[in-house]
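See structure below.
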Amino acid sequence: MPLVTGAAALASLVALVTAPIGQATGGPGASPRPTAALARPLSTRLTARPFAVVPSESQCQATAGSNCYAPAQIRTAYDMEPLYAAGDTGKGETIVLVESFGSPTIRSDLKTFDKKFGLPAPPSFTIVTPAGPIPAWTGNSAQVGWGIETSLDVEWAHAMAPGASLVLAETPVNETEGTVGFPQIVTAERWVIGHLHPAVISQSFGATEETFPSHASIDNLRGAFELAQQRHVTVLAASGDEGATSQKRNGVDLFLSRVVDWPSSDPLVTSVGGTHLDLDASGTRLAPDTVWNDTASSGQPAASNGGLSTVFGRPKWQGGVEAVVGSHRGVPDISMSASDTAGAIVYASFPGVSPGYEVVGGTSWASPLFAGVVAIADQVAGKHLGDLNPLLYELEAKASPGIVDVTSGDNTVNFFQDGAEHTVEGFTATAGYDLASGLGTVDGDKLVNELAALAGG
């Protein structure tokens, strides 16, 4: 299988996955839409062609330039096995994944993934389309990108919480414009909250705050999050994959200053950033986790987004980290595995890809991983925890061992644009809360029990 080497090769894969809906993948000359806010799936395919069988670490390194991790390794790394042994698997809870288009083969692909990795089938797997019927699948680049995203989210949320029911909420519009695609997301999320009352909703997409027409246009899209808070449903969002910067409206150029993505920046959402894990075959750490930043090896920004919102002020629960965030909402809140050089093994077979095992990175992986932890915490607590941020920051203030500090790495990125090299200085991980890793990462067993105890479960 061909090597994915050099910036150009990886860039072509990123373009394939993140191409904006209704726009061709192109260079700086691509036409921006001045009233649009670009949203995109926050994942990167690292394999030029899928593996026919589950790849070994050496195969991933040789052909994708990446380590690749199976569910058992990640579950061990995050100390989830004691929970499973105690019967805490997310039983009785529901995880919702929200995706444009979904995947026409996701049911059979999940079965293949489960069989290969020895996972039980979920108690139920429901696909809903509250925002309208999904267009016919043609295998175009936008559908392929969201198909890979769907496979990643569904398969890995299930891997982390194998006893939870799954709901895939598909929307019919390619989520690339805030004024076009996000209303469908709101419709879908309000429906699942009102009809299904899930434990947690995971969102693996985002749009740079500065690409929305106005702050009011974001306020008009927050209805689902407000309903989630009322109904005690936890809402998560991937923080973003371009380090301290993010994309402009044209979906190609990057801002030359620090920016963050919405919905990750919303105070009603728990923002999930990315880390790099260095694991052996059993899932044992070979080194402490670091902030995900593969920019140097990829030749373009590939790092966990984090920084300060220009839309939302500091929420009450970030009062203890005011010295870091000032008067702004800071992101991320928590971080989990996202690295392009230590990716997730994902199975997909929909039209537009060769059936097989992909290696995928990005904060899109981190969000469904954490969704699995949340579902299990709800099971142990015996109730829905809802808005998780006040609990997480209270635990961090108590130095609870379920939150594991990340103290190395940064999200500074370098890139060429308009014929010049640019650097957007990011943030460095330090002891305690920082704008590169948030509060840190998690010890699943400890965090689940700490959240349940704090919530009175």
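So that you can scan it fast, the table gives a plain yes or no per residue for (1) surrounded by 24 or more Cβ atoms within 10 Å (Cβ to Cβ); (2) touching a Cys at 6+ places or on another chain (Cβ under 7 Å); (3) of a type in the set (K, R):
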{"position": "R231", "(1), (2), (3)": "no, no, yes"}
{"position": "A237", "(1), (2), (3)": "yes, no, no"}
{"position": "A244", "(1), (2), (3)": "yes, no, no"}
{"position": "K248", "(1), (2), (3)": "no, no, yes"}
{"position": "T270", "(1), (2), (3)": "yes, no, no"}
{"position": "A281", "(1), (2), (3)": "no, no, no"}
{"position": "A287", "(1), (2), (3)": "no, no, no"}
{"position": "F312", "(1), (2), (3)": "no, no, no"}
{"position": "G319", "(1), (2), (3)": "no, no, no"}
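Yes or no: the stretch 249-263 includes at least one residue that is assigned to a loop (DSSP other than H, G, I, E, B) and among the aromatic types (F, W, Y). Talk me through it step by step, then tell me what you get.
The initial filter retains those residues of the stretch 249-263 that are assigned to a loop (DSSP other than H, G, I, E, B), namely 249-253, 255-260, 263.
Subset that is among the aromatic types (F, W, Y): 255.
Yes.
Checking each residue in the stretch 385-402 for being within 27 Å of E226 (Cβ to Cβ), buried (at least 18 other Cβ atoms within 10 Å of the Cβ) and not acidic (D, E) picks out L385, G386, L388, N389, L391, L392, Y393, L395. Only one of (1) over 30 Å from Q59 (Cβ atoms); (2) assigned to a helix (DSSP H, G or I); (3) touching a helix residue (DSSP H, G or I) at 6+ places or on another chain (Cβ under 7 Å) fails for L392. Which number is that? Tallying (1) over 30 Å from Q59 (Cβ atoms); (2) assigned to a helix (DSSP H, G or I); (3) touching a helix residue (DSSP H, G or I) at 6+ places or on another chain (Cβ under 7 Å), L392 fails exactly one: (3).
Tell me yes or no: at least one residue of the stretch 278-295 is on the phi < 0 side of the Ramachandran plot, in a loop (DSSP other than H, G, I, E, B), polar (S, T, N, Q) and in contact (Cβ under 8 Å) with a residue 60 or more places away in the chain.
yes
Against the conditions (1) out of contact with any strand residue (DSSP E or B) (no Cβ under 7 Å at 6 or more places or on another chain); (2) buried (at least 22 other Cβ atoms within 10 Å of the Cβ); (3) closer than 25 Å to S141 by Cβ; (4) not small (G, A, S), P183 satisfies every one except (2). Could you tell me which residue of the stretch 295-307 is nearest to Y69 (Cα to Cα), considering only residues that are crowded, with 24+ Cβ neighbours inside 10 Å and out of contact with any helix residue (DSSP H, G or I) (no Cβ under 9 Å at 6 or more places or on another chain)? Result: G306.
Which of the residues that make up the stretch 102-152 are surrounded by fewer than 19 Cβ atoms within 10 Å (Cβ to Cβ), among the small types (G, A, S) and more than 18 Å from G181 (Cβ to Cβ)? Correct list: S108, G118, A121, S124, A136, G139. Only residues in the stretch 327-356 that are more than 24 Å from A371 (Cβ to Cβ) count as the first member; pair them with residues that are modelled with pLDDT of 95 or more and basic (K, R), Cβ under 7 angstrom, at least 6 apart or cross-chain, and list the lot. Taking only residues 6 or more apart or on different chains, the pairs are S327/R314; H328/R314. Filtered by the rule that a residue be of a type in the set (A, V, I, L, M, F, W, C), closer than 17 Å to F427 by Cβ and touching a Lys or Arg at 6+ places or on another chain (Cβ under 8 Å), the stretch 296-330 gives L308, V325.
When you look at G432, is it crowded, with 23+ Cβ neighbours inside 10 Å, in contact (Cβ under 8 Å) with a residue 60 or more places away in the chain, farther than 14 Å from L451 by Cβ and small (G, A, S), yes or no? Show your work before the answer.
Numbers: crowded, with 23+ Cβ neighbours inside 10 Å: no; in contact (Cβ under 8 Å) with a residue 60 or more places away in the chain: yes; farther than 14 Å from L451 by Cβ: yes; small (G, A, S): yes.
Criteria not met by G432.
Of the residues in the stretch 250-265, at least one is without any contact (Cβ under 8 Å) to a residue 60 or more places away in the chain, out of contact with any Pro (no Cβ under 6 Å at 6 or more places or on another chain) and either of a type in the set (V, I, T) or under 17 Å from D340 (Cβ atoms) (or both). Among the residues here, V406 qualifies as under 30 Å from A86 (Cα atoms) and either basic (K, R) or surrounded by 21 or more Cβ atoms within 10 Å (Cβ to Cβ) (or both).
Could you tell me whether the stretch 349-361 includes any residue that is under 14 Å from E155 (Cα atoms), among the small types (G, A, S), buried (at least 24 other Cβ atoms within 10 Å of the Cβ) and modelled with pLDDT of 95 or more? Among the residues of the stretch 349-361, not one is under 14 Å from E155 (Cα atoms), among the small types (G, A, S), buried (at least 24 other Cβ atoms within 10 Å of the Cβ) and modelled with pLDDT of 95 or more, which makes the answer no.
The values are calculated or read from the model by the stated rules, or taken from the named source; none is laboratory data. The structure displayed is predicted, hence computed values, not measured ones. Heads up, the Cβs are rebuilt from the backbone with ideal geometry, glycines too, and the neighbour counts pull from every protein chain shown.
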